[in-house]
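Input: a single structure, listed below in structure tokens.
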Amino acid sequence: MERFTPCFQGRPWADGMEVIHAYLLPQAGVDEELLALAHACRPALLDYPIDPAYPAQAADPGELHVTIEMVADAPTAEISRNEQQALIEALHGELADVERFETEVGPPIGNRAGALLDVWPDAQAVALQGRVRAAIRTARGAAALQHDGGRLHMSLGYSYDSANSDSLNSRLRAITPRRAPLQVDIVHLLNVRFAINRDTGGWRLTWEPLAAIPLGGN
């Protein structure tokens with residue numbers, strides 16, 4: 001692994017900048033198996049230069065998330081409240097007939113940016129991503145879709161220095177069970193902020209909620 005650096009419009013993120021994202025979030029009291037899997041990984045992550053996305057308290061999801069899409073045409077500061085409301089309304093309209101579903105995440109994998117859980121099966125999640133992108137395109141235009149996050153995944157933590165991912169993966173392979181269900185019934189629109197963590201020198205993610213869009217219009 002190497003030090004993770006988030007990007008916006010193909011360039012390194014500006015410290016403290018905020019950008020609107022659509023995320024899936026695990027829920028305490030609902031996704032209990034998933035949170036147990038994530039917390040089982042935490043001791044291994046702490047032995048490497050990885051800042052876990054969740055605290056030590058069991059069943060606390062912290063900042064665990066699956067990125068569905070970034071609104072990449074402008075930072076949040078340049079998107080007015082009326083424009084944000086138009087985006088929220090477009091998402092409500094686009095997702096009103098999308099049924100809630102269950103998928104799975106796992107196994108835990110160390111990679112270049114830290115550690116993650118891949119989403120699989122992913123057909124419904126990818127279809128949902130397409131609908132979210134359609135809503136963003138309707139509200140913001142094609143220029144808002146510049147982000148390529150690769151395969152859908154849940155980040156366990158971001159790396160703040162270089163290390164050997166092979167040895168981390170040996171630790172993670174010993175963790176069982178290897179996979180866990182994720183209930184998908186809400187798309188969260190969030191104001192996401194990446195800033196330098198002064199303790200580690202790495203990037204830390206935080207967010208403020210803008211809207212929660214239920215699938216199926218419920």
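General remarks:
- Pairs meeting the criteria (first residue in segment 27-56 and over 13 Å from Val105 (Cβ atoms), second residue in a helix (DSSP H, G or I) and among the charged types (D, E, K, R), beta carbons under 8 Å, at least 6 apart or on different chains) are Ala44/Arg171; Asp47/Arg171; Pro52/Arg42; Tyr54/Arg42; Ala56/Arg42.
- Hey, Gly62 within 27 Å of Asp122 (Cα to Cα), free of Cβ contacts under 8 Å to residues at least 12 places away in the same chain and assigned to a loop (DSSP other than H, G, I, E, B) or not: yes
- Boolean, Arg151 is more than 17 Å from Tyr23 (Cβ to Cβ), basic (Lys, Arg) and out of contact with any Gly (no Cβ under 8 Å at 6 or more places or on another chain): no
- Selection within segment 168-214 - out of contact with any strand residue (DSSP E or B) (no Cβ under 7 Å at 6 or more places or on another chain) and either touching a residue at least 12 places away in the same chain (Cβ under 8 Å) or surrounded by 18 or more Cβ atoms within 10 Å (Cβ to Cβ) (or both): Arg171, Arg173, Pro177, Gly201
- The set of residues in segment 202-218 being outside any strand (DSSP E or B) and under 20 Å from Ala115 (Cα atoms) consists of Gly202 alone.
Here's the yes/no breakdown for (1) outside any helix (DSSP H, G or I); (2) hydroxyl-bearing (Ser, Thr, Tyr); (3) modelled with pLDDT under 95:
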{"position": "Tyr23", "(1), (2), (3)": "yes, yes, no"}
{"position": "Pro26", "(1), (2), (3)": "yes, no, no"}
{"position": "Leu35", "(1), (2), (3)": "no, no, no"}
{"position": "Ala38", "(1), (2), (3)": "no, no, no"}
{"position": "Tyr54", "(1), (2), (3)": "yes, yes, no"}
{"position": "Gln57", "(1), (2), (3)": "yes, no, yes"}
{"position": "Ile68", "(1), (2), (3)": "yes, no, no"}
{"position": "Asp73", "(1), (2), (3)": "yes, no, no"}
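- Inside segment 75-91, residues that are small (Gly, Ala, Ser) and either surrounded by 17 or more Cβ atoms within 10 Å (Cβ to Cβ) or not in a helix (DSSP H, G or I) (or both) make up a count of 2.
The values are calculated or read from the model by the stated rules, or taken from the named source; none is laboratory data. All of these numbers come straight from a predicted model, not from anything done at the bench. As a convention, Cβ positions derive from the backbone with ideal geometry for all residues, glycine included, and neighbour counts pool all protein chains shown.
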